[in-house]
Every structure is written in structure tokens, then in C-alpha cells.
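Trainee: Can you read through this structure? Questions will come right after.
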Amino acid sequence: MILDEYRENRQVFEKMEEIVRTQLEKCVADNNIYVNAIEARIKAEKSLAGKLELKGHKYKTLSDITDILGTRVITFYSEEVDKISALIDKIFEIDWDNSVDKRKALDLDRFGYMSLHFICRIPKSLYYDAEHPEINDFRFEIQMRTALQHVWATMYHDTGYKSGIEVPKEHLRNMNRLAGMLELADEQFSRIRKEINDYRRNVQSLVADGNFDEVPLDSDTFRSYLTMKPFKKLIDKIATINQAEVYEDNLMRYVTTLLKMNFRTLGDLQRLIKDCSDDAYKLALHQLSSTDLDILALSVALQNLCLVYIIKKGGGEVGLRMFYDAVFGQSAYNEERAHRTFEQISKINIK
């Protein structure tokens, strides 16, 4: 009888799968959560028949079986399991009596089964079809686990063992050790992520407070620094030479070059701006006064600051060539460019 019900309602479960998968994908996208995978499957008839053969006495109708439609959200971090579960609670009706958090009661060798299992229904407020009210009646399962938990569960299942009794003690011990290693790795990934996020928040706070000497220069700190538009004053001044329009290009490509030039903190960049802005503007005068350029990139300001700095530090024409190679990639043209720039800077009374 249950198998007959299953065949009659197969299309209902297919529609449910479409609705649930769409909602889960929208949920993680809207909340900027990057997950490893969202999976969904409808139990095959052969699998259902096997389940009924083993546990058929527990079920009177198809509605009693809660995993005909099974879905899984695989996260990268353990804390995201709780976050996603809270979001799912707002989308679907949760059958709390039959839902289970397998993370709370766990044997040492069950790391991969630390899933959070929700038994759900699709509420009518989300989707309703008068011709198929079963869509709101049938329950389905959502499992939430981390990627490492999923890897462990898949590998453990792949061994084909059903209980510890069937596993030789030596192999069981090795599997338990592996479970412990993966659980530790799961915890450490979350800890490292938290520490990195804390570091970024601290950097943003230091930058906002102007404590630039305390902030080491790297991609993250430079990105935060750019939000303060440190080169705007200089580029606006340069733009007045030809009444040019300024467009913001990507300055992140300069980070590696700045580090090669021995800038170590954001304070070093602040001093670069303070010490070299006047000469960088003079260089721009030589570059632009005889042209009719009416569009300038924001990077012109940083580029000219670096060019002047190189000459002040005695880098000469060779240093200019190395700078151009680092920023634009090595090419024969950079030699000509460096020579022309060196001649232009030679005409400037550098302070």
C-alpha cells in the first residue's frame, strides 16, 4: 500500500524537491553564506522497499515516513550550521518532536554523524496548490553538517561496516583516531576564521582611529586604508591641470610593489603622501601640461608618489624600470618609459 502511495505521489515529491532546493539556495545567497553544497534527493523505490522490509511495522501510510524527500546543506564551518538552522526555521514549519540534534549525544567514533536533522513541512504561506494539497502535508528532512563531517560520514559508510563489532579492533581504532583528527580540524578551521575576522575588525578600528603605524601593510589592511580615499586630494589636484575627470581603478595591484619598496606599515604610506605629494604633482605637470588628456586614473597619484620616492632614495633610472616592470609586467617598453620619466623628474626641483 505504501509503495502504491509512493508511486502515485512521485510528482508531488518532485515539486517539493524543486521548492525546497530553491528556498535553500535563496536562503544562503540572501545571507551571504558560502556553502560547500546543497543536495536533495527523492528516495528511490528500491530503497524505500528495503526500508519497509526492515522497518515496515513502524509505518501505516506514506505520510509516516519523513525522509522520502531528503535534503542536505553542507557548510564549511560548524557555526554556520546553527546560523542556517535559524534561517530555515523562518522558512519552513519544523516538526520539533521528530527533529534531532545529533551533535549533543555522540560516541567518540561518530564525528561524521554530528548532523542537525530537521523534519519540516512546506507552509501554505510559502507555496500552495489547491490541486495538490499534499505538498503541504508530506514532511521532508533537512540535514545540516560541515564539509569535514560529510567527508567522514561518506568514507565511513563506504567501508560497508554496520557496527563496531564487524570492524577489526585495529581498523576501528584507526578510524576513531581519524574521526578525532577531523573533529579537531573542524574546530581549528572555525577558530582560525574567527581570529582572522577579529584581526580584520581590529585593523579597521586602527585605520579609522588613524593609528597607521600600528597597522602592518598587507592586502587586507591596504583595502581598509583605501576606504579612506588617501590619494583623493592629490589626484583631484592633478586633475585640475587639464580639468580632467577621475575614474577609480584598482589600486590593490600595487600592494606587492609597495612591499618590495620596503613599505611595512600604513604609517609608511602616510609619510609617503606627506613627503612626496608636492613633487608628485610637479611630475604630473610635466606629464600632462602638453597633452589634452581629460580622463585620469586614480592610480596616477599613487604611481607618481612611488616614482618620486624612488628617485629620492637614489634608485635612479634602474629603480624606475623595476617599478614599471613590477606594476605593468616586464616589457621592453618599460625601459623607454623609465628613461622618459627620469628625464621628467630631472627637471623637477625635488625637495
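The values are calculated or read from the model by the stated rules, or taken from the named source; none is laboratory data. All of these numbers come straight from a predicted model, not from anything done at the bench. Cβ placement follows ideal geometry from the backbone for every residue including glycine, while neighbour counts extend to all protein chains displayed.
Trainee: So, restricting to helices (runs of 4 or more DSSP H) that lie completely within the range 250-351, which ones have at least 2 residues that are over 30 Å from Q204 (Cα atoms) and touching a helix residue (DSSP H, G or I) at 6+ places or on another chain (Cβ under 9 Å)?
Mentor: Hits in the range 250-351: 266-288, 299-312, 316-328, 333-346.
Trainee: Just one of A86, A40 is at pLDDT 90 or above and not in a helix (DSSP H, G or I); which is it?
Mentor: So the residue among A86, A40 that is at pLDDT 90 or above and not in a helix (DSSP H, G or I) is A40.
Trainee: Quick one: in the range 135-149, which of the residues that are assigned to a helix (DSSP H, G or I) and in contact with a helix residue (DSSP H, G or I) (Cβ under 7 Å, 6 or more places away or on another chain) is nearest to E17 (Cα to Cα)?
Mentor: I135
Trainee: Regarding V81, is this residue modelled with pLDDT of 95 or more and surrounded by 12 or more Cβ atoms within 10 Å (Cβ to Cβ)?
Mentor: It is false that V81 is modelled with pLDDT of 95 or more and surrounded by 12 or more Cβ atoms within 10 Å (Cβ to Cβ).
Trainee: So which residues in the range 114-134 are touching a strand residue (DSSP E or B) at 6+ places or on another chain (Cβ under 6 Å), in a loop (DSSP other than H, G, I, E, B) and at pLDDT below 95, if there are any at all?
Mentor: Matches in the range 114-134: S115 only.
Trainee: Out of everything in the range 220-238 that is in contact (Cβ under 8 Å) with a residue 40 or more places away in the chain and buried (at least 16 other Cβ atoms within 10 Å of the Cβ), what residue ends up being farthest from Q303 (Cα to Cα)?
Mentor: T221
Trainee: If I ask for residues that are surrounded by 15 or more Cβ atoms within 10 Å (Cβ to Cβ), over 22 Å from P133 (Cβ atoms) and of a type in the set (D, E, K, R), which ones from the range 36-78 would you list?
Mentor: K51, R72 - these are the residues of the range 36-78 that are surrounded by 15 or more Cβ atoms within 10 Å (Cβ to Cβ), over 22 Å from P133 (Cβ atoms) and of a type in the set (D, E, K, R).
Trainee: For the range 295-351, enumerate the residues that are among the β-branched types (V, I, T), buried (at least 17 other Cβ atoms within 10 Å of the Cβ) and out of contact with any Cys (no Cβ under 8 Å at 6 or more places or on another chain).
Mentor: V300, I310, I311, T341, I345, I348
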